[in-house]
Amino acid sequence: MNAARARLESSLFSVLLAVARRAPRRWLLGLGAWTGRLGYRLDARHRRIALENLALAHGDALTAAERRRIVRRSWEHFGRVTFDALALARFSRDSVGREIRYEGLEHIRAAYQRGRGVLLFSAHFGHWELVALMQGHLGLPLSLVTRPLDNPLLETRLARLRGLSGNRVIHKRRAVREMLRVLGEGSGVAILLDQDARGEGVFVPFFGRPASTTPTLALLALRTDAAVVPVFSVPLEDGSYRIVYEPAVPVERTADRERDVVRLTAECTAIIERWVRRHPELWLWMHRRWKTAPPPDGQPD
């Protein structure tokens, strides 16, 4: 990236952070929703992708008007999440019971107490950045697997923001070795499982269609015996968030490692689908989830 552009983007990000720290949170969320609505109107390409994804997922079960409503609400939601993420420094351990309400904390605590590491998985759903930040504040630190930004100055600032509660960032380029090390220490690794993995993925059902999905979580779980714990967040009307940890997903081992990987990946993907069906407006429909087509013999069972 051009150095001048990188500095300009970094400076603009600094201004946004400064504004976000001082603005009332309700105002910030309102501005984010407005920005999301603007994005829905102006970004015709991603609006079209989202509508096509909904048609693929639901077929004739949704009318065209219902699909447009869900996509518009999804844009508004991610606008709010984006602006709220700029103010992550406002959240702390004291936010529990106020801005953050938990269900199922016993599941994640039990997973850490096993001492074999924890593979925490979710999706581009709700406010995943806040989920990770708050887990660090609970004394259950995570390493986040992310793709580095093209702008190294922005990447440094974003990593600092994500690490406010003691979490660390693992870049995908060196992810597996670092994840093994973290799990070996008995700590946690967070993975988002809902994006197209191209030719590197395994094909599992998502809304009844084969979707290329990263096998990394399943491979690590089978290799390390780390606990596999789902977590999702849902915004509430008062601006707070409900964060839900579900029971750990059983990890079954047989003599067929390849089948075990596909089975566990499919089970985790089915959990994501259940949450997306329940709250469709909270998922990132703008991503081409079914972009990669399976080979002729690659259809899931």
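The values are calculated or read from the model by the stated rules, or taken from the named source; none is laboratory data. Computed from a predicted model, the values in this text were never measured in an experiment. Virtual Cβ from ideal backbone geometry, glycine too; neighbours counted across all protein chains shown. Accessible surface areas use protein heavy atoms only, side chains included; no ligands, DNA or RNA. Shrake-Rupley method; radii C 1.70, N 1.55, O 1.52, S 1.80 Å.
So is R98 of a type in the set (K, R) and either out of contact with any Leu (no Cβ under 6 Å at 6 or more places or on another chain) or not in a helix (DSSP H, G or I) (or both) or not?
So R98 fits the description; yes.
Among the residues of the range 161-203, write down those that are open to solvent by 20 Å² or more (accessible area, probe 1.4 Å), among the β-branched types (V, I, T) and at pLDDT below 95.
Correct list: V169, V176.
Every residue, every condition in (1) open to solvent by 80 Å² or more (accessible area, probe 1.4 Å); (2) at pLDDT 95 or above; (3) not aromatic (F, W, Y), yes or no:
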{"residue": "V261", "(1), (2), (3)": "no, yes, yes"}
{"residue": "L264", "(1), (2), (3)": "no, yes, yes"}
{"residue": "C268", "(1), (2), (3)": "no, yes, yes"}
{"residue": "E273", "(1), (2), (3)": "no, yes, yes"}
{"residue": "P280", "(1), (2), (3)": "no, yes, yes"}
{"residue": "W283", "(1), (2), (3)": "no, yes, no"}
{"residue": "H287", "(1), (2), (3)": "no, yes, yes"}
{"residue": "K291", "(1), (2), (3)": "yes, yes, yes"}
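Specify the residue that is nearest to W285 (Cα to Cα); the eligible residues are those in the range 118-157 that are open to solvent by 40 Å² or more (accessible area, probe 1.4 Å) and touching an Asp or Glu at 6+ places or on another chain (Cβ under 8 Å).
My answer is L149.
Any idea how many residues of the range 72-117 are of a type in the set (D, E), open to solvent by 30 Å² or more (accessible area, probe 1.4 Å), under 19 Å from G30 (Cα atoms) and within 19 Å of the chain's Cα centre (by Cα)?
Initially, the range 72-117 is screened for residues of a type in the set (D, E), giving 76, 84, 94, 99, 103, 106.
From what's left, open to solvent by 30 Å² or more (accessible area, probe 1.4 Å): 76, 94, 99, 103, 106.
Subsequent filtering for residues that are under 19 Å from G30 (Cα atoms) retains 76, 99.
Adding the requirement that they be within 19 Å of the chain's Cα centre (by Cα) leaves 76.
Residues flagged as of a type in the set (D, E), open to solvent by 30 Å² or more (accessible area, probe 1.4 Å), under 19 Å from G30 (Cα atoms) and within 19 Å of the chain's Cα centre (by Cα) within the range 72-117 amount to 1.
Just to be sure before I move on: is R37 assigned to a helix (DSSP H, G or I), basic (K, R) and over 22 Å from the mean Cα position of the chain (by Cα) in the structure I sent? Let's see the steps before the verdict.
On the way: assigned to a helix (DSSP H, G or I): yes; basic (K, R): yes; over 22 Å from the mean Cα position of the chain (by Cα): no.
The answer is no for R37.
Pairs needed: first member in the range 47-62, within 13 Å of W290 (Cβ to Cβ); second member anywhere, at pLDDT 95 or above and open to solvent by 30 Å² or more (accessible area, probe 1.4 Å); C-beta distance under 7 Å; at least 6 residues apart or different chains.
Taking only residues 6 or more apart or on different chains, the pairs are I49/R288; L54/L62; L54/R67; A55/R67; L56/R209; L56/W290.
Rundown of residues vs (1) in contact with a strand residue (DSSP E or B) (Cβ under 7 Å, 6 or more places away or on another chain); (2) more than 16 Å from S122 (Cβ to Cβ), yes/no style:
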{"position": "G201", "(1), (2)": "yes, yes"}
{"position": "D238", "(1), (2)": "no, yes"}
{"position": "A248", "(1), (2)": "yes, no"}
{"position": "R257", "(1), (2)": "no, yes"}
{"position": "R277", "(1), (2)": "no, no"}
{"position": "L282", "(1), (2)": "yes, no"}
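All but one of (1) touching a Cys at 6+ places or on another chain (Cβ under 7 Å); (2) among the β-branched types (V, I, T); (3) closer than 19 Å to P294 by Cα hold for V249; state the number of the condition that does not hold.
Failing condition for V249: (3).
Can you find a residue that is modelled with pLDDT under 95, open to solvent by less than 50 Å² (accessible area, probe 1.4 Å) and not in a helix (DSSP H, G or I) anywhere in the range 51-65?
Within the range 51-65, not a single residue is modelled with pLDDT under 95, open to solvent by less than 50 Å² (accessible area, probe 1.4 Å) and not in a helix (DSSP H, G or I).
Confirm whether T63 is β-branched (V, I, T) and under 23 Å from the mean Cα position of the chain (by Cα).
No; evaluated as a whole, the condition is false for this residue.
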